[in-house]
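Structure first, then comments.
Here, each number is a calculation from the coordinates, and none is a lab measurement. Since we're looking at a predicted model, the values are computed, not measured. Note that we place each Cβ from the backbone using ideal geometry, even for glycine, and neighbour counts take in every protein chain shown.
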Amino acid sequence: MRKLVLSLLSVMLLSGPVYAAGDAVKGAKVFKKCAACHSPEEGKNKMGPSLFGVVGRHAAAIEGYKYSKAMKKSDIVWDDENLAHFLKSPRKFVKGTKMSFAGIKKDDDMNNLLAYLDTLK
Ligand code: HEC
């Protein structure tokens with residue numbers, strides 16, 4: 001138990017300063033909504049590209065993954081702000097994206113998810 005608590009704590013500490021101090025442990029639960037299509041592991045693409053190292057990455061940057069034209073042309077850098085806009089309403093932020101996901105509507109879920117995504121590096 002103690003070990004578990006310590007490792008949870010270190011995940012939170014390592015997640016660093018993020019968008020409104022989200023909780024990466026809770027964010028890992030929110031990520032279940034993404035996990036059907038995205039792996040958090042490096043080099044592992046599913047229906048969507050791997051999200052390893054996504055924070056700070058340029059959009060459509062994974063070699064060998066077949067992005068939509070819309071994503072290739074988007075010229076976005078995935079910082080917290082752009083991720084938040086995209087994940088709230090993917091098809092509004094990148095018109096023509098092939099990511100079919102309704103969006104994360106709750107701010108808490110969003111902040112926690114962003115904190116979690118920031119640990120994938
Ligand atoms: C139904 C499958 C599906 C779900 C669910 C889904 N995605 Fe996606 N995602 C995709 C696909 C497909 C793409 C590629 C989009 C394109 O090329 O237009 C993508 C692209 C992305 C990108 C851009 C990656 C890059 O390399 O530029 C991010 C970031 C992303 N998704 C995050 C998420 C997160 C976080 C969630 C959960 C909240 C999520 N996605 C849920 C299928 C999905």
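Computed quantities for the displayed model
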quantity	calculated
Packing-based exposure ordering (other Cβ within 10 Å, fewest first) of His85, His38	His85, His38
Residues Lys33 and Lys95, FRET efficiency given R0 of 22 Å [Cβ-Cβ distance, rounded to 0.05]	0.50
Among the listed pairs Lys29/Lys98; Lys3/Lys46; Lys44/Lys98, those beyond 28 Å (Cα-Cα)	Lys3/Lys46
Using a Förster distance of 35 Å, the FRET efficiency for Lys69-Ala21 (Cβ separation, nearest 0.05)	0.45
Other-chain or far-sequence residues with amide H under 5 Å of Asn45's (modelled H)	Ser50
Cβ-based exposure ranking for Asp109, Asp23, in which fewest neighbours within 10 Å come first	Asp109, Asp23
